[in-house]
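So the structure is just underneath, and the comments pick up after that.
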Amino acid sequence: MNTHKLKKVVVTGKPIFIERRQELFAAMSRYYASIEMITPTSEWYDHKAIRIILKLFYGLRVFSLSKADSLLSKNKQEFISKSINIERQIRQLEYSPDIVFHIFSMFSPLWENFDLLFVMYLDYTMALSEQNWPDWAFFVNSQERDSWIECEQKVYEQAYHIFVMSTIVKNSLVQDYGINAKKITVVGVGYSINYSANEPDKNKKKFGNKQVLFNSSDFFRKGGDIVFKAFKKVKISMPDAKLVLIGKKINPLTISHIDGVENRGKISSVEEMRNLFMETDLVVAPARAEPFGIFLVDAMENGVPCIMTAGNGNGMPEFVENWVDGVVIPQPDPELIANAIIELLNDPEKLSLMSQAAIYKTKTTFNWDNIAKKIVDVLENL
């Protein structure tokens, strides 16, 4: 028998946000009678032809199709429309949910009447985007920007509690939006790759092949140019070192002058990704801005030590014990990163110890079951 006082939970958010956190909801479902997912239904303006026309319209205004995509989803009208859409679906349920669990802040689960209890789970805020990666906070003018911030502010104020991935987000809510720190709880994030039962024993992972892995999706933001500069320095000391790029295929001309680089592109299968982690000594991630970096959590869960950079709104480093279960470089500096890579690749025993510590960290911290328990404990005391 379910003894928890909250019986029925409704989860709301964009489909992709919910899909990527199925492990969290599976863990939460052990505590509640039901968890139902609700995503926005299609409106007339969601028709593909209409979206193309709107994208071209915005693209002509800002001379960028990528920025046009951002404008399509980040405007006051879209925020309110999606919020009303979700609220309507909640009102049409045959029951009244005990609580609504809303993912991120692209819209609100309620808008016209805030009579239901709802909480949020956040990875970032628009204020952090403005401070650390303005491309994520592009608006046509200051009025559009202010209108979005007002919507964001409203949903944060109305939320009964806010769960966040990192202290950086908590501080932003307090400092940039004036939210009471008492209604914010840092819970982190869990690893995302689920393997088959016959996966190899990560505790038997071997080190010494000098292979470094970099996720090159969104190349510049993730510090790809910095990685290349650092790797050139590494090759001088370690000619047999290898750098594997995954995520987005890089133009061959970009890496033709760098020896020892393998340009794999997108990894399509879980098994291939698992095997790649098993072959890798280090992951390097000198991101200029990264809300959290789930790829790093997945690497650590597979026993691969990670080198990352602090600051710039990066959420992951605060959870890492420096030179114990990972390495945190104070800034994305090629020289500092190269030195850390060389030191670790020359010390397989140190890598092995860090690997075990990284695995332990994912079991205790980056674990959806533990995160779900934290969330449930808070919800039970609301």
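Key figures
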{"quantity": "Hits in the stretch 298-332 (condition: under 26 Å from residue 137 (Cβ atoms) and touching a residue at least 40 places away in the same chain (Cβ under 8 Å))", "calculated": "309, 312, 313, 314, 315, 316, 318, 319, 329, 332"}
{"quantity": "Residues of the stretch 5-19 classified as loosely packed, with under 13 Cβ neighbours inside 10 Å and closer than 22 Å to residue 298 by Cβ, total", "calculated": "3"}
{"quantity": "So residue 68, is it modelled with pLDDT of 65 or more and farther than 21 Å from residue 187 by Cα", "calculated": "no"}
{"quantity": "Selected residue (only one of 105, 129, 96 is outside any helix (DSSP H, G or I), under 17 Å from residue 171 (Cβ atoms) and polar (S, T, N, Q))", "calculated": "105"}
{"quantity": "Elements of type helices (runs of 4 or more DSSP H) contained in the stretch 284-375, each with 2 or more residues being under 18 Å from the mean Cα position of the chain (by Cα) and crowded, with 23+ Cβ neighbours inside 10 Å", "calculated": "294-301"}
{"quantity": "Where a residue in the stretch 17-39 is in the same structural domain as residue 90 (by TED's automatic domain parsing) and under 19 Å from residue 97 (Cα atoms) and its partner, wherever it lies, is buried (at least 18 other Cβ atoms within 10 Å of the Cβ) and not hydrophobic (A, V, I, L, M, F, W, C), with Cβ under 7 Å and at least six apart", "calculated": "18/39; 24/190; 38/12; 39/13"}
{"quantity": "Filtered residues of the stretch 7-29 (kept if in a strand (DSSP E or B) and farther than 16 Å from residue 374 by Cβ)", "calculated": "8, 10, 11, 12"}
{"quantity": "Number of the exception - residue 116 against (1) buried (at least 22 other Cβ atoms within 10 Å of the Cβ); (2) assigned to a loop (DSSP other than H, G, I, E, B)", "calculated": "(1)"}
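The values are calculated or read from the model by the stated rules, or taken from the named source; none is laboratory data. These figures come from a predicted structure and were not determined experimentally. Cβ sites come from the backbone with ideal geometry, for glycine too, and all protein chains shown count toward neighbours.
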